[in-house]
Structure formats: structure tokens, C-alpha cells
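The values are calculated or read from the model by the stated rules, or taken from the named source; none is laboratory data. Owing to the predicted nature of the structure, the values given are computational and were not obtained by experimental measurement. Every residue, glycine among them, receives a Cβ derived from its backbone with ideal geometry; neighbour counts consider all protein chains shown. Calculation scope for accessible area: heavy atoms of the full protein, side chains included, ligands and nucleic acids excluded. Shrake-Rupley method; radii C 1.70, N 1.55, O 1.52, S 1.80 Å.
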Amino acid sequence: MRLSNYFLPLLKETPAEATIASHQYMLRAGMIKQNSAGIYSWLPLGLKVLRNIERIVREEQNKAGAVEMLMPTIQSADLWKETGRYDAYGPEMLRITDRGDREMLYGPTNEDMITDIFRSYVRSYKDLPKLLYHIQWKFRDERRPRFGVMRGREFLMKDTYSFDIDKDAARLSYNKMFVAYLNTFSRLGLKAIPVKADTGPIGGDLSHEFVILAETGESEVFCHKDLVEMDAPGDVNFSDDLSDHVEARTALYAAADEMHDADEFAKIPEDKQLTARGIEVGHIFYFGDKYSGPMKAKVMGPDGKEHVVMMGSYGVGVSRLVGGIIEASHDQDGIIWPKSVAPFGVGIINLKSGDAEADAACEDIYRQLTEAGCDPLYDDTSDRGGVKFSRMDLIGLPYQVTIGPRGLKNGVVEIKSRRTGEKQELSPAAAIVFLQTELGS
Ligand code: 5CA
């Protein structure tokens, strides 16, 4: 992409309403624009990151055996009346009436609807287990939308729903999602800790939140320090019993503030006690027959009898993750994207636009990096070098290649790593090989 052709509306000043780094940088880097409280347009740079996160979340869901579909944003109130949630949900639900005076709502979540879909088609235990998911916009009329996309009113969520014949089988589905979440967050460059959590309006008696540690997090977490050091399981066979991976983590104390038990926490050796702020990026629930019971979602079991299916649901805050990743990875100059989600792989800085030799060298590298799959953003504008450098630092691409007449005279260009600040001079050909290797493309 040529910057001259792109739409990157940067802000010079930090907007007063933004109090945390991710919100400030997302506005300044032209990633989002607020349209009304907690409702944002995703500008091109922001959308690229959102789509990259979505892709990784999707790939890990598919690996775990979940099947993608898409449910609508607008739902009929009827299903929610069947489960009793229409009244229970409260003012967070945006209620709408259509022209025929029918009660509708903008979905804050989809348990009721997916249970209806399931009961319409599935009749036998032979079709279980089933894991279905979608990635869809949700609306919650939050009392205090804040911190940009972290607590929005309209936000993008990946929500998966599991259906099993009994509680033991449902636990296996829960474990699959538990492991898939650890792998997902690790690919996003995050250390996410599973902590025991309250189930709120989703319900059920078993639930874990996945939190990333950040000073600006909205929840307080208490946990064993070893949890922070544990690597994600990585390559596993999802048809295996994954309980070892889950138990290795749940054996260590970890709780969000509303589930915290000070006496249990005190039993951890003092040097291993960690109290920190965290951002909830995922939340998984087992709630058995809470929805399948009242909605009569039943299948025929191997015993020839009807069984109410046992269910769970599993959410990832896809749009919240954009902010969460920035909270975990930035410095005073701007964002530092992990390679896996960066909006572009590398920025090309032409130090002397208009100079025939510099222009030709930039065009050449731009073409070769594009062909090599490095997704370059070429700053071909006539701005000063200093402006170009600080712009690239702000938007946080993993690498910058700087090309100017002086280097070209010596046959070199300069590559800078945004994360380490390390610079090296290489021939243009070596620079392309280096970037292609680093960016894994
Ligand atoms: N149906 C269940 C799981 S599928 C559910 O809705 N769970 S949830 O309420 O915990 O939401 C799932 C995830 O969505 C949360 O972990 C969080 O990362 C994200 N999320 C929730 N509310 C917001 C919000 N107002 N703004 C941005 N992200 C949110």
C-alpha cells in the first residue's frame, strides 16, 4: 500500500477523552473514530488489525473442531421469553420494536438463538458432540462505555456453543475450548491467565475468565505466579482428553475479585502470590441445561430415552483484543504490534521523495516486498524524514526500512526493528531476504 493512496487520518494531539494508552494510540493512529458513546467506525488501519485477530481466533476454533456459522445481530424477543432472559437481562439489552409492533432486540449474546437452531435439527446423540461458533457484532447498553474499544456498546465477539449428551462429555468440550483459548492468546502475543470467574447473566456453575495482565485492566486478579510463566499447550490432538492441560492450570489458585477467597490465596507461598490488574479477553461457561431445559433441546440417547443436552458457551472479545494487545505492547512513541496481528509487515520510508534515485530504489523494494508477501506500507509522501519516522513509530509496524541518497551511495538501506530499536544496514537484496524470513512470509 502506498501511503499517498491510503486513508490514515492521524491526530497530532492526544484527545482529552482518552485516558489509557490503547485508546489514545488507536485514536492518534487513525484506527477508529467514535460515532457515539461506545460505538466506533473501524478505519482502514484498525480494521486490518481486527481482521488479523479474527483470523487467528477462527483458525484456532477450527483446529479445536468448532464449526463456523453466522447468526443475525437482530433477534426476536420470543426466544428470550422462552428462557426467561428477556426480563432477566435488564437495561443492558437494546430493545427494539419493528413496524409490526413485534418486540426485537440487538443481540448481546446468542445462547437462546443457538439452542433454538440446535433443537430444530438435531435429534440423536450420534450427532454429538457439536461445537458451533460465529464471529458477530453484539450490542450491550453498558452503563459506562469507556476506554475506547475495551468497553464498547457495539463490539465484535467470537462466541462458541457446545452441545453434549451429558455432563462428562460437556466437560471435554469445555476443556477443548480452554486449550484453544490458551493457544489463541499465545499466537496473539499475549500471556493470558485462566481465572475462576462469576457467571453473571450467562449463568451456570463453572466458568473461567482469561485475563491479560495490564495496569489499566478493569478487574483485579489474584493468582499463583507460576501461571504467568506457563507456556500454551501448542499442538495437541483435540480428540484426546485434554484434562491434564486444564488441571495443570486450575490446580493453581487464580480468581477474579468477585470469586476471590483470601484464605485460599494466603496458602500460596508469599513469594508466589500475585495481585494484579487484568483485562478480560475471553470467558468460558458451563451451564448444563439452563437453556436446553426450558427450550426442550433434547436428543435420543443410546439408551433409547430422550436427554436434555448439556451446554456451554465460550466468548472471545475480538474488538477488545485490539486494545488489549496495545495495552500489553507499546512505548512512549506508539504501538508495537506483534507480527501476527500487525496491520502491515514493514514500513518503507523514502527519505528524499522526488529524488530520482531514491524514488527508484523505493519503488523497487516496494515491489519486491509486496511480491515476497511482506505487506509493505510505503511512505511515498513528501513529508520531512522526522515526520515519517514518528508516524511509523506511532503505527507500530514490526519493521521499518529507510532508504535515502546517502545509504544508496554505499549500496545499503537501513532496517529498524520497532520492538528492539535495533538498526542494521543491508543491501536491498539482503534486506528483502531478512524481512521475508522475519515476517515468515
Ligand atoms: N455468551 C457468553 C460467551 S459466548 C458471553 O457473552 N460471555 S461474556 O459476556 O463474558 O463476553 C465474552 C467476551 O466479550 C468477554 O470476555 C469480553 O472479552 C468481551 N466483551 C464483553 N463485553 C464487552 C464490551 N462491552 N466491550 C468489548 N468487549 C466486551
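Mind checking the full-extension length gain between LYS423 and GLU229? Use 0.36 nm per residue of separation minus the Cα-Cα distance, one decimal, nm.
Working: separation 194, 0.36 × 194 = 69.84 nm, distance 2.99 nm.
Extending this stretch completely gives an extra 66.8 nm.
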Given the options ARG171, ARG143, ARG51, which has the most mean-square fluctuation in a GNM of the chain, springs set between C-alpha atoms less than 10 angstrom apart?
ARG143
Classify the range 36-160: rounded, prolate or oblate, from the alpha-carbon gyration tensor (a ≥ b ≥ c, eigenvalue square roots; a/c under 1.5 rounded; otherwise prolate if a/b is larger than b/c)?
oblate
Residues of the range 104-243: accessible area per residue with a 1.4 Å probe, Å²
39
Degrees, to the nearest 10: 111-121 long Cα axis against longest axis of the chain
70
Test of the criteria: in the range 351-420, which trypsin sites (Lys or Arg not before Pro) are in a DSSP loop and have at most 10 other Cβ atoms within 10 angstrom of their Cβ?
ARG384
Carbon and sulfur %, accessible surface of the range 346-438 computed with the full protein complex present, 1.4 Å
49
Quick one: among GLU209, GLU82, GLU327, which has the greatest mean-square fluctuation in a GNM of the chain with alpha-carbon springs under 10 angstrom?
GLU82
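Taking every DSSP beta bridge that has both residues in the chain, what percent is antiparallel when rounded to the nearest 5? Working shown, then result.
Numbers: 71 of 85 bridges.
Approximately 85 percent, going by the DSSP bridge assignments.
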Fluctuation leader among PRO233, PRO201, PRO428 - the chain, Gaussian network, Cα springs under 10 angstrom:
PRO201
What does DSSP give for the range 346-438 in terms of the percent of beta bridges that are antiparallel, rounded to the nearest 5?
45
Enter the accessible area of ASP333 (Å², nearest 10), with the probe set to 1.4 Å and all protein chains included.
70
Working out 0.36 nm times the residue gap between ARG406 and VAL433, then minus their Cα-Cα distance, what length gain in nm do you get to one decimal?
7.5 nm
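What does the accessible area per residue of the range 291-402 come to in Å², with a 1.4 Å probe and no ligands, DNA or RNA counted?
With all protein chains present, the range 291-402 gives 35 Å² per residue.
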The chain: angle of helix 356-371 to the longest principal axis, Cα-based, in degrees nearest 10
30
When the convex hull of the C-alpha atoms of the range 110-225 is computed, what volume per residue in Å³ does it have?
142
Assigned charges on the beta-carbon of Lys, Arg, Asp, Glu; the range 346-438 dipole about Cα centre (debye)
340
Hey, which of these cross-link pairs are over 26 Å Cα-Cα: LYS158/LYS196; LYS138/LYS167; LYS176/LYS196; LYS225/LYS290?
LYS138/LYS167; LYS225/LYS290
Ratio of Rg to Rh for the range 346-438, alpha carbon only, Kirkwood?
0.92
Note to self: Kirkwood Rh of the chain, Cα pairs, one decimal, Å, is 23.8
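Once every DSSP H run of n ≥ 4 in the chain is given -39500 (n - 2.57) and the sum is divided by its residues, what mean residue ellipticity at 222 nm do you get, rounded to the nearest 500 deg cm²/dmol?
-9500 deg cm²/dmol
Give the calculated FRET efficiency between ASP331 and GLU371 to the nearest 0.05, with a Förster radius of 30 Å applied to their Cβ-Cβ distance.
0.40
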Here the FRET efficiency for LEU70 versus GLU264, based on Cβ atoms and R0 = 35 Å and rounded to 0.05, is 0.25
